[in-house]
Each structure stands twice: as structure tokens, then as C-alpha cells.
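*Asks:* Can you keep this structure in mind? I'll have questions shortly.
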Amino acid sequence: MEKREIILDCDPGTDDAIALAYAAAHKDELELLAITTVCGNQSVEKVTRNALNLAEFYGLDVPVAKGMDTPFTREPVYAPEVHGETGLGQSVLPAASRQAEQEHAVLFLNRLLTGLPEGKKVTIVATGPLTNIAMLLKLFPQVKKHIREIVFMGGAAMGGNVTPSAEFNIYTDPEAARVVFRSGVPLVMCGLDVTLKCTLKRQQIIKLCQSGNPVANLCGDLAGYSLENSSSKYRGEVSIHDVVPLMYLLHPDIFKVQCTILDVDCSDGPSRGTTLCDFRWWEHEEEEMDAWILMDADGARFQEELITGLYELGERIKNKKEEGM
Ligand code: RIB
Ligand code: CA
């Protein structure tokens, strides 16, 4: 596949952390230009610290820029029951040797994108609330010509996790999601319709934890924390939601997609944050159907690709350490 240049906007977060490992494992196919962080699973301070520590641990020498510290208009909704008070469960990483960029993530993204040569486009992968991306598109709409597509983890054509009908990333900032959905930028929604099938099972997590491979151990601990401390424990498996956008870019054949038009419920009622997917192609002009939604996934292939990637990155890190000795 052609090398895909991506920006990762995230809120690490246990599954964001595993997604970062998966991105680092695929440096040859995915060129990570920058990591930006957003208030979501935990405060933007905590998720930024996590992003810096994870990037260093995985050997990712890319800028990390801190973004929005609250949703557009609403109060933050953190998820300590899934990600712990630190955002990374009970895992402790060596402190990164570097700091985040001085510039706010939204200003950093504008400068990065507008600095691209004419005609150059990059992919934005978003695995947290869409607050940064919405602010970027509102303040600097001229960046749209440099965005190939936004592939985001969020929403669902059917179902929810925070409520029966709303998924966390959209629920926490529905206004931001609406700005992105109406931006005209090509969208790929990786929602609960597929992420509930993209999991690691308890036995797989135990094997990762016992592997002696540094990345497999960390990601096993992270997934294990979410499995044992959230309602996932009743499922016996935990969704690794945030890997899905990256897996889609590398292995689209694992997924089934459908075109749609996206909207979101911005009310304060029981349906707050519900994503509304209009599949009625016969009611719309073709160009209006500007979003793709992943509707099915081969869960076994997902597990195989993810686990392989984690072990490969861990071996690379171990070999580098031994060479350095
Ligand atoms: O609903 C799952 C999503 O919300 C994931 O991105 C997880 O990290 C949380 O941000
Ligand atoms: Ca996330």
C-alpha cells in the first residue's frame, strides 16, 4: 500500500494507547506526522502526559501538542471506570524526556496543514471527542483542502455505550461532532457497530501479560484493566475501539462499509449524543452521501493483526535496547 501520512488526535486512554502501539508497529505504512490530545477519557493534562510517555516508550519521535481542555459547550465527562484515574489503568511508564509543543494543538494543526505543499493531503485519525477537529475546521476552514479524510472512532448506527443510544466520544461533545459531520470533509465513521466485534478476549489478554514482550505486556495490562474494571468483564472480552480506524487504513478488507449522511442529537435529553445515520440514498444526491460507516468486521482477523503488531513492535524495542547496550 502507498505510505499514508496521518495525524492522530486522541485521549489516551487504554485503547488509545494500544492504538498508538499499533501505529508505531506500522511505521512503514503509516507515517505519523503528529499526535494531538483532547479532553476525553481523562483531563487534557493527563492524556497529554500519557501521550508523551507512550510515544517515547514506543519509539515514536513525533511532536505531541495539547488541545482543548473542555468540550465545546459542555462539562467534561471522564471515564475512570474504563481507563483509571491516570488514564492508563494501573500501568506506569517511564517519564518522557520531552515536553509537549508550546503551541495549542489547534494552532499547531493549522500551521502543519497550511504548511503542506499545494495539493498535498493527509488523513486525520481521531480516537477521542472531536473537539480539536471541530475547532480547527471552524477557525481555519482553509485547512480542509489539505485533509484527505477524517477517520474517526465514534458513534454507532445502532446502540451506545455511555447510554443505550450514544457512544462516549460523540456523547461528550455532540456539538463538535455536528461541526465535523457538516464540514464537507470526507468521513469514515468507525462506530460501535464494528468496535464491539473488534476485541481482545480474556485468554488473549492473559497471554499478552505473560509474554515477556514489553509492548505486549503493557497493552495486555491496559486491556486487562479495562476488562476487569468496566462492564466489559461481563462480556469476557474488551473492545479495542481506537485501533479500528488504523486497522481500516491498513486492512480495509477486514471491514464492510456503507455510505451515509451523518448527524447527531445535540439535545440534553435521553438521546443526547445519538448519531443519526441516513442510508436513504434514493432521497439524496450522490455527493451528499459524504460519509462512510463501517458496518461489519472480521473480528478474528482484527485480533490476529493487532496481536502480531504488538509483538513485532515489542521485539523491535527489545532489539534496539540490546544494540544500545
Ligand atoms: O467509546 C469508546 C471511545 O471512547 C474510545 O475512543 C475510548 O478511548 C473512549 O475515548
Ligand atoms: Ca479514545
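*Asks:* Can you work out which of the residues in the stretch 261-290 that are open to solvent by less than 40 Å² (accessible area, probe 1.4 Å) and free of Cβ contacts under 8 Å to residues at least 24 places away in the same chain is farthest from residue 185 (Cα to Cα)?
*Replies:* Among those residues, the one meeting the criterion is 269.
*Asks:* Can I ask one more? Pairs only if they're at least six apart or on different chains, beta carbon under 9 angstrom, first in the stretch 248-260 and assigned to a helix (DSSP H, G or I), second modelled with pLDDT of 95 or more and of a type in the set (Phe, Trp, Tyr); list them, first residue then second.
*Replies:* 248/255; 250/22; 254/248; 254/302
*Asks:* Based on what the data block shows, is residue 293 at pLDDT 95 or above, open to solvent by less than 20 Å² (accessible area, probe 1.4 Å), farther than 24 Å from residue 24 by Cα and touching a Cys at 6+ places or on another chain (Cβ under 9 Å)?
*Replies:* Answer is yes for this residue.
*Asks:* For residues that are crowded, with 24+ Cβ neighbours inside 10 Å and under 11 Å from residue 272 (Cα atoms), scanning just the stretch 145-167, find the one that is farthest from ligand 2 (Cβ to nearest atom).
*Replies:* My answer is 166.
*Asks:* Given the criterion touching a strand residue (DSSP E or B) at 6+ places or on another chain (Cβ under 8 Å), of a type in the set (Val, Ile, Thr) and over 19 Å from residue 166 (Cα atoms), identify the matching residue among 264, 244, 238, 257.
*Replies:* Exactly one residue qualifies, and that residue is 257.
*Asks:* Now a separate question. What's the total number of residues in the stretch 128-167 that are within 14 Å of ligand 1 (Cβ to nearest atom) and under 20 Å from residue 266 (Cα atoms)?
*Replies:* Here the count works out to 20.
*Asks:* Now, a different point. Can you name the residue in the stretch 233-260 that is surrounded by 19 or more Cβ atoms within 10 Å (Cβ to Cβ) and over 15 Å from the mean Cα position of the chain (by Cα) and, of all such residues, is nearest to ligand 2 (Cβ to nearest atom)?
*Replies:* 238
The values are calculated or read from the model by the stated rules, or taken from the named source; none is laboratory data. What you are looking at is a predicted structure, and each value in this text was computed from that prediction instead of being measured. Cβ sites come from the backbone with ideal geometry, for glycine too, and all protein chains shown count toward neighbours. Ligands, DNA and RNA are stripped out before the accessible areas are found, and what is left, the full protein with its side chains, is counted by its heavy atoms. Shrake-Rupley method; radii C 1.70, N 1.55, O 1.52, S 1.80 Å.
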